[in-house]
Amino acid sequence: MEIPKAYVPTLLSAIRDSVRYNEQLLRSETLKDRDDYEEHFVHLTQFFEYLKEEYVNNEDEYGIKLAQLLPGEVTS
């Protein structure tokens, strides 16, 4: 799959937002099937870390540094 360069920053932001949302969801006391959500959360966070690494490796192509795009996010 090839993702157009213009969409990559949006993809990173969307996955970051999804990670944050699911993190809050896991704190909910009314959540059912917690194991399924935890597994989904693990996959999301792993995907997010992968995307950040790939982004850093190709930062010059995007014209904006990861630190500017996602302030406060630390790359692994």
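The values are calculated or read from the model by the stated rules, or taken from the named source; none is laboratory data. These numbers come from a predicted model, not from an experiment. Cβ atoms come from the backbone with ideal geometry, glycine included; neighbour counts cover every protein chain shown.
Read through the list (1) surrounded by 10 or more Cβ atoms within 10 Å (Cβ to Cβ); (2) at pLDDT 90 or above, then give the number of the only condition that Pro4 fails.
(1)
Got a number for residues in the stretch 1-46 being among the basic types (Lys, Arg), within 25 Å of Tyr62 (Cα to Cα) and free of Cβ contacts under 8 Å to residues at least 12 places away in the same chain?
Final tally of qualifying residues: 1.
Select from the stretch 35-58 the residues that are modelled with pLDDT of 90 or more and over 13 Å from the mean Cα position of the chain (by Cα) and write down the one among them that is surrounded by the most Cβ atoms within 10 Å (Cβ to Cβ).
Step one: of the stretch 35-58, the residues modelled with pLDDT of 90 or more are 37-58.
After this cut, where a residue has to be over 13 Å from the mean Cα position of the chain (by Cα) as well, the list is 37-39, 56-58.
Working: Tyr37: 15, Glu38: 13, Glu39: 11, Val56: 13, Asn57: 10, Asn58: 11.
The residue in question is Tyr37.
I'd like the residue in the stretch 59-76 that is among the aliphatic types (A, V, I, L, M) and more than 11 Å from the chain's Cα centre (by Cα) and, out of all such residues, is farthest from Glu2 (Cα to Cα).
The extreme case among them is Val74.
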